[in-house]
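Here the structure is laid out as structure tokens; the discussion comes afterwards.
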Amino acid sequence: MQKFYIETVGCQMNVLDSELVHSGLVQSGFVPATDHDNADVILFNTCSIRQHAEDKIYSALGRLKHWKTTKPYGILGVIGCMAQKDQKTIFQRAPHVDLVLGPGQLELLPETLHQLLEEKLQQNNTHHETESGKKLLVSLKRLEYRHAEVIGSFRLFNPVRNPEARGNRFQAMVRIMFGCDKFCTYCIVPSVRGPEQSRSPQEILKEIRTLVNQGVVEITLIGQTVNSYRHKNSEKTTSLADLLHQVSAIEEIQRIGFVTNYPRGMNNDLLQAVRDLPKVAKHLHVPAQSGSDSVLQRMKRNYTATEYRELVDRIYSIIPNVSMTCDLIVGFCGETEEEFRQTVDLVQYCRFKNSFIFKYSERPGTKSAELYPDDVPESVKKIRNNMLLDIQDKISLEQNQQFIGKTVEILVEGITKQLETGGVQLSGRTLCDRIVVFDAPDNRLIGQFLKLNVYDAAPFTLFARQSCSVGNF
Ligand code: 5AD
Ligand code: SF4
């Protein structure tokens, strides 16, 4: 039996795609390998969002040349966003790669791998170096052809979920929509993930029931702009707020989250559903990207900084004790000191729990690459990045310090450390997405809801001690 190994970088979309590919490959007779060395197939699930992510993949692929010499009949594949964006370049820069398949064509993967392995085995039998070289070329051409056939159709890949493919048995992501129609000027996602497509609520709920039967108690609904979810049939239109109500009605599900939101479209129906449904996380990730109107305009984000502030005010006033997180880009094309200062002001105003801060990275093929020079020097991007991180860290710490002396309830997720004294450090999250760590004798609490007393805080972590268990799942 052929063994596969998947290496994943990038966002939650990729983590979920890797899980689905794992499930699909197992269904079609492959077996997971524990590392590169005992794999017959290595797949890289790649990210294109920033240049740095792509550079790292090319060096990793370079290192695998050695693996190919030890395993000439092994298959090295590249999947994910970079595969969609750069098919030809990947074959040119890493000629030892056998297969390149984008995120909208993953359903072809199991069959294609079987076919490639078979062809390589035939090469092995004939020992005709030149012949085998040709055969491989033919198979790659066929792949390119197939790729072209389905390109633009970005099909959903939905093999039956397999608990073995997940990090843990009681948490799972469910994709509710695919793609993005927003076309922010800096972003490559719409061209590699295709147009927005929402899955039907029936299909989503069916998948969640399968997950429940596998022991899942926490569901995260995911989509590139998850709050754009909208499914129409002849009778009615289902929104994300409707879906939250429907998922909440599933008794076994204890917690529900959703990422990632687009600021426009955070309507009151959705905010009220978050407030009123006790199982829904009191945490909203709503990327602002910048606090400057002129930058937001160049980014084509379709809102002003004032509108974003009003949204934040509305969120804090509708949902008590909600936490907010944000994505921000520093050093976008033409960003002046004044424009950057407006982002600092926004961060100070919004009191995010955490922010994910990125230095602008020009992506060929995007509107900003075409329209504006990437003219903020790397050194300035770095300074702005660090400044904003420091400011956010202080806010995160201040917020977390408010929990000292309080009791929080967490779902225990996993082990963070083995303790020298014996026992383990476990971690989990509160309903408002704060990470809490505590010491325990062993890992038996994983998957349970627990109440803990917080005795210390850092910007990303609350430190707590056990009080009493409030439920077993
Ligand atoms: N450069 C830097 N950051 C980017 N992001 C998206 N595209 C780019 C880019 N070209 C960031 C945005 C987005 C997050 C997932 O990645 O902040 O919300
Ligand atoms: Fe990219 Fe903008 Fe779509 Fe988010 S909303 S995936 S940043 S284009």
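The values are calculated or read from the model by the stated rules, or taken from the named source; none is laboratory data. Everything quoted here is computed from the prediction, not taken from an experiment. With ideal geometry, Cβ positions are generated from the backbone for all residues, glycine too; neighbour counts draw on all protein chains shown. For the accessible areas, the whole protein counts, side chains as well, though only heavy atoms, and no ligand, DNA or RNA atoms are used. Shrake-Rupley method; radii C 1.70, N 1.55, O 1.52, S 1.80 Å.
Of all the numbered requirements in (1) out of contact with any helix residue (DSSP H, G or I) (no Cβ under 7 Å at 6 or more places or on another chain); (2) in a loop (DSSP other than H, G, I, E, B), GLU335 misses one, and that requirement is (1).
Where helices (runs of 4 or more DSSP H) fall wholly inside region 267-321, no range has 3 or more residues that are of a type in the set (Gly, Ala, Ser), open to solvent by less than 20 Å² (accessible area, probe 1.4 Å) and closer than 20 Å to LEU244 by Cβ. Pairing residues of region 64-79 that are closer than 14 Å to ALA33 by Cβ with residues that are acidic (Asp, Glu) and surrounded by 12 or more Cβ atoms within 10 Å (Cβ to Cβ), at Cβ distances under 8 Å and at least 6 apart in sequence or on separate chains, gives LYS71/ASP40; GLY74/ASP40; ILE75/ASP40; ILE75/ASP98; LEU76/ASP98; GLY77/ASP98. Restricting attention to region 326-352 and to residues that are in contact with an Asp or Glu (Cβ under 9 Å, 6 or more places away or on another chain) and under 19 Å from LYS394 (Cβ atoms), the residue that is farthest from ligand 1 (Cβ to nearest atom) turns out to be ARG351. In region 249-276, the residue that is nearest to ligand 2 (Cβ to nearest atom) out of those that are under 23 Å from the mean Cα position of the chain (by Cα) and of a type in the set (S, T, N, Q) is THR260.
Looking across PRO103, PRO72, one residue alone is modelled with pLDDT under 90 and closer than 30 Å to ASP327 by Cβ. It is PRO103.
Filter region 354-368 down to the residues that are open to solvent by less than 20 Å² (accessible area, probe 1.4 Å) and outside any loop (DSSP other than H, G, I, E, B), then identify the one that is nearest to ligand 2 (Cβ to nearest atom). Walk me through it before giving the result.
At the first step, the residues of region 354-368 found to be open to solvent by less than 20 Å² (accessible area, probe 1.4 Å) are 354-355, 360, 363, 366, 368.
Going one step further and asking which of them are outside any loop (DSSP other than H, G, I, E, B), we end up with 354-355, 368.
On the way: ASN354: 18, SER355: 15, SER368: 11 Å.
Ranking the candidates gives SER368 first.
Within the set THR89, THR46, the sole residue that is within 16 Å of ligand 1 (Cβ to nearest atom) and either surrounded by 12 or more Cβ atoms within 10 Å (Cβ to Cβ) or in contact (Cβ under 8 Å) with a residue 40 or more places away in the chain (or both) turns out to be THR46. When you check SER191 against the structure, is it within 16 Å of ligand 2 (Cβ to nearest atom), modelled with pLDDT under 95 and polar (S, T, N, Q), yes or no? Here the answer is yes, as SER191 does meet what is asked. Reported count of residues in region 176-191, each being away from ligand 1 (no atom under 14 Å from the Cβ) and among the aliphatic types (A, V, I, L, M), is 2.
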